[in-house]
């Protein structure tokens with residue numbers, strides 16, 4: 001899910017990544033709306049709000065909205081920066097690092113929210129900024145490693161893509177096109193996962209409040225360790241294979257030397 | 001190298017502009033703090049509208065609990081630390097207040113029921129609040145309070 005890059009990724013890799021990160025995005029967005037009365041997984045609305053605040057000369061709100069947009073931007077920037085600069089050294093680590101940073105951001109919000117949050121405006125704005133940063137990190141990573149096929153923090157583009165795909169299915173020529181079918185599968189899984197995450201957060205919010213973010217952290221941990229376990233298993237198999245090969249070579253050599261010895265004597 | 005410098009300048013300038021703007025206008029929370037006098041409740045009722053009074057009178061029925069609750073009080077005292085005191089004649093009730101979002105939502109809670117108001121206008125002299133009703137309540141209410149002298 002995280003190990004492969006761009007065109008080497010299979011549909012399965014993209015679906016797995018899309019499903020898990022869309023659940024995370026749906027949960028974070030709904031939880032932040034219920035806790036802070038502002039969304040945290042997309043910035044389209046904030047551009048409209050920014051324009052509205054500018055027209056009303058609300059300098060404080062302009063600054064806050066600007067910082068929120070910049071947080072999302074900065075998150076996506078860092079993600080792609082890490083991917084393109086460290087991809088050759090260690091692909092898995094380069095792809096996992098943005099998710100690890102995202103995990104720490106959300107974990108920070110969860111811990112602060114459950115233990116120290118007093119409900120002040122400053123805390124609210126700061127935590128929203130951190131959540132937007134984390135969503136930027138996530139979106140930057142998924143878009144970057146999937147060649148822009150997977151974007152899970154907002155559904156505007158996905159809605160357009162899905163509408164286009166569905167309209168293409170109305171034409172005989174495209175109905176059995178594998179690439180279009182695969183695209184539809186990916187988009188539908190992202191949609192349903194985002195909604196599932198949103199429902200989970202909405203359902204759990206009343207009893208769990210900030211603890212919802214700990215569940216988000218659990219999902220992110222799965223994303224990180226899923227590939228790590230595969231790498232571990234692969235390395236172990238490789239080790240076993242090499243050891244077996246070495247044993248086989250040694251056995252062959254010893255048989256050969258024994259047969260030579262017998263032949264000489 | 002040039003691109004790196006441009007990026008650093010870009011991020012720094014946006015941050016500086018944002019921080020400068022924050023510094024220009026003080027926190028909206030500070031603007032709320034003080035004593036305010038209730039001057040108007042503009043209510044456009046719907047079929048189910050029942051005027052109750054969370055601030056000083058308890059709801060009488062379940063139907064009232066589902067409807068908009070009005071904090072009718074002569075004086076609204078917003079204190080630092082999220083304490084709101086409603087006063088009317090000899091009655092007094094303590095609630096909690098918080099600002100949410102980017103400072104555009106006022107949250108008032110008595111510990112059981114939490115209400116949200118969209119801040120339509122926030123100035124030194126006057127605050128206009130639009131009640132954010134749950135989707136099943138078709139009511140509209142606007143509260144206007146002015147700063148007590």
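Only the coordinates and a few stated rules stand behind these numbers; no lab work does. Not measured: the values here are computed from a predicted model. FYI the Cβ positions are ideal-geometry reconstructions off the backbone, even for glycines, and counts take in every protein chain you see.
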Review point. Could you give P(r) for the protein assembly as shown, binned at 10 Å from zero, as whole percent values over all Cα-Cα pairs?
Key: 4, 18, 23, 21, 14, 9, 5, 2, 2, 1, 1, 0, 0
Exercise for review: Using a Förster distance of 45 angstrom, determine the FRET efficiency expected from the C-beta separation of residue A:188 and residue B:4, and round it to 0.05.
Suggested key: 0.65
Point to revise | the protein assembly as shown - mean residue ellipticity at 222 nm from DSSP helices (-39,500 (n - 2.57) per run, n ≥ 4, rounded to 500) | key: -21000 deg cm²/dmol
Review point. When every alpha-carbon pair in segment A:166-230 is counted, what percent end up more than 16 Å apart?
Key: 65 percent
Revision key, fill the gap. Per-residue average of other protein chain Cβ atoms inside 10 Å, peptide B:102-108 -> 6
**Study point:** Most mobile of A:24, A:222, A:109 in a GNM of chain A (Cα contacts under 10 Å)
**Key:** A:222
Study note, to complete from the structure: For chain A, longest principal axis from Cα atoms; helix A:212-264 axis from its Cα atoms; angle between them, nearest 10 degrees, is 10 degrees
**Study point:** Approximate spin-label separation residue A:166-residue B:17, in nm, with each point projected 7 Å along Cα-to-Cβ
**Key:** 3.9 nm
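Based on the alpha-carbon gyration tensor of segment A:125-260 and its eigenvalue square roots a ≥ b ≥ c, which shape applies: rounded if a/c is under 1.5, prolate if not and a/b is larger than b/c, or oblate?
Working: a/c = 3.54, a/b = 1.69, b/c = 2.10.
Note, shape of segment A:125-260 comes out oblate.
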Review point. When all C-alpha to C-alpha distances in segment A:66-142 are sorted into bins of 10 Å, what percent of pairs does each bin hold, rounded to whole numbers?
Key: 22, 44, 25, 9, 1
Revision key, fill the gap. Taking a label point 7 Å from the Cα of residue B:41 along Cα-to-Cβ, the residues of segment B:90-112 whose backbone nitrogen sits under 15 Å from it are B:93
Practice item. Compare A:66, A:141, A:132 in a GNM of chain A, Cα atoms joined below 10 Å, and give the one with the largest fluctuation. Key: A:66
Exercise for review: Distance between Cα centroids, segment A:205-262 to segment A:1-27: provide it in whole Å.
Suggested key: 21 Å
